[in-house]
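Peer 1: What follows is a structure written as structure tokens; I'll ask about it next.
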Amino acid sequence: MKFSRCLQVILLFLLLSAGLTVSVTAESRGKIAQTAAGQKKVTLSWERSGEAVSYEIFYRYAVHKKYHLLKRVETSAARPSVSVNLPKAGRKYGIKIVPYNGEGEKGDAYLLADCVTLPGKISLRSQKSYATSRTMKIYWKDVESAQGYEFLAESLSKDTVKRYRSGKKTSTVLTDILPGRFYKLRIRGYTRVNGKNVYGTASYTYIAQQPRVKFKWGSHSVSLASWPAVEGAADYTVYLTDHPASGYRKVKTTQETQAAITGLSKNRKYYVYVTANMRRGKKVYASPRTKRYTFRLQTE
């Protein structure tokens with residue numbers, strides 16, 4: 001292949017030296033650079049290819065082989081710069097640009113393997129609460145074009161603000177998340193374009209440590225569960241089971257920080273957890289269900 005290319009160059013030099021006219025097709029000279037990214041719009045720049053006066057721009061999804069025509073442009077600029085709209089946000093695309101000269105002759109195509117649109121909104125999948133160590137672990141759905149994620153946790157009273165960053169992984173540990181309060185959590189993905197981090201649309205949620213439950217004994221079939229108040233919580237929901245593998249039943253939802261659990265049997269182990277619920281319109285943000293608290297009914 002290298003020998004053939006060298007032979008072509010030698011023949012071209014001899015023809016030009018003899019004063020003959022040669023028709024030169026638009027051949028690839030430079031790589032494509034992505035210079036900007038939006039939710040769907042990206043800006044591409046490349047070095048003019050030979051005598052090219054027009055180009056066809058194609059795209060494909062990163063995992064597919066088939067290219068689709070995106071746009072035709074006419075330009076003889078030394079370094080064309082063109083903005084195009086890709087189908088979806090948060091995706092990686094392959095780009096192919098085919099140059100044509102004034103006679104309509106096609107030159108060699110050149111490629112950009114990773115063209116990215118900005119990450120869209122991030123959705124949390126689950127949370128885990130570790131109140132004693134003041135940490136929480138959160139998990140989210142991966143966004144293809146994101147090269148990392150940024151988190152900002154702010155208490156409702158705005159007296160505490162914590163910033164966290166994560167790489168490509170889809171989980172991270174948030175530190176210094178105090179029990180007894182809800183935090184507003186901002187999440188956004190970022191990618192690198194033209195040597196700089198660019199950020200996608202932020203999404204927001206609310207998180208809180210799981211309340212710690214204590215028990216007091218009442219009558220033969222009743223136990224009183226109690227827990228600390230959580231700033232920002234509209235109410236609390238109590239769940240109970242005597243067999244975790246079969247699931248939990250909701251005992252009650254209350255605005256109080258205690259609840260009587262009735263209908264209990266002696267000499268049986270029970271498992272309880274409580275969620276703190278923040279309500280924003282029709283949306284409910286509940287604390288995690290990481291730890292189960294156990295007790296046995298004490299009888300006289």
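Peer 1: Residues with amide H under 5 Å of Y110's amide H, sequence separation 5 or more or different chain, H placed in the peptide plane at 1.01 Å from N; which?
Peer 2: Answer set, sorted by chain and number: I97.
Peer 1: Expressed as a whole number of Å, what is the distance separating the alpha-carbon centroids of segment 91-105 and segment 254-300?
Peer 2: So the separation of the two Cα centres works out to 63 Å.
Peer 1: Right, next: For the chain, what is the accessible area per residue in Å² when the probe is 1.4 Å?
Peer 2: Values: 16820 Å² over 300 residues.
Using a 1.4 Å probe on heavy atoms only, each residue of the chain averages 56 Å².
Peer 1: Another question about this same structure. Using only alpha carbon positions, build the gyration tensor of segment 117-165, then give the equivalent ellipsoid semi-axes as the square roots of 5 times its eigenvalues, largest first, whole angstrom.
Peer 2: Working: eigenvalues 110, 44, 16 Å².
The three semi-axes for segment 117-165 are 23, 15, 9 Å.
Peer 1: Another question, then. With a ≥ b ≥ c taken as the square roots of the eigenvalues of the C-alpha gyration tensor of segment 199-249, please select rounded if a/c is under 1.5 and otherwise prolate if a/b is larger than b/c or oblate if it is not?
Peer 2: The shape class here is oblate.
Peer 1: Take the alpha carbon gyration tensor of segment 258-300, find the square roots of its eigenvalues, order them as a ≥ b ≥ c, and report rounded if a/c is under 1.5; if not, report prolate when a/b exceeds b/c, else oblate.
Peer 2: On the way: a/c = 4.46, a/b = 2.49, b/c = 1.79.
Taking the square roots of the gyration eigenvalues as a ≥ b ≥ c, segment 258-300 is prolate.
Peer 1: May I pose another question? Rounded to two decimals, what ratio of Rg to Rh does the chain give with C-alpha atoms and a Kirkwood Rh?
Peer 2: Numbers: Rg = 31.0 Å, Rh = 24.2 Å.
Over the Cα atoms of the chain, Rg/Rh equals 1.28.
Peer 1: Can you give the helix-only mean residue ellipticity at 222 nm for the chain, where every DSSP H stretch with n ≥ 4 adds -39500 (n - 2.57) and the sum goes over all residues, rounded to the nearest 500 deg cm²/dmol? Don't skip to the end; give the middle numbers.
Peer 2: Details: 1 runs with 16 residues, N = 300.
Per the formula, -2000 deg cm²/dmol.
Peer 1: Taking all protein chains in place and a 1.4 Å probe, what share, in percent, of the accessible surface of the chain do carbon and sulfur account for? Intermediate values should be presented prior to the final figure.
Peer 2: On the way: 8160 of 16820 Å².
That share works out to 49 percent.
Peer 1: Taking a threshold of 22 Å on the Cα-Cα distance, which of the pairs K65/K96; K141/K283; K92/K196; K214/K283; K121/K252; K31/K169 fall above it? Provide the component values of the computation, followed by the final result.
Peer 2: Numbers: K65/K96 11 Å; K141/K283 20 Å; K92/K196 17 Å; K214/K283 28 Å; K121/K252 34 Å; K31/K169 30 Å.
With Cα atoms farther than 22 Å apart: K214/K283; K121/K252; K31/K169.
Peer 1: In a Gaussian network model over the chain where Cα atoms closer than 10 Å are linked, find which of L86, L174, L156 has the largest mean-square fluctuation.
Peer 2: Among L86, L174, L156, the largest mean-square fluctuation in the Gaussian network model of the chain belongs to L156.
The values are calculated or read from the model by the stated rules, or taken from the named source; none is laboratory data. Everything numeric here is computed off the predicted structure, so don't read it as measured data. Calculation scope for accessible area: heavy atoms of the full protein, side chains included, ligands and nucleic acids excluded. Shrake-Rupley method; radii C 1.70, N 1.55, O 1.52, S 1.80 Å.
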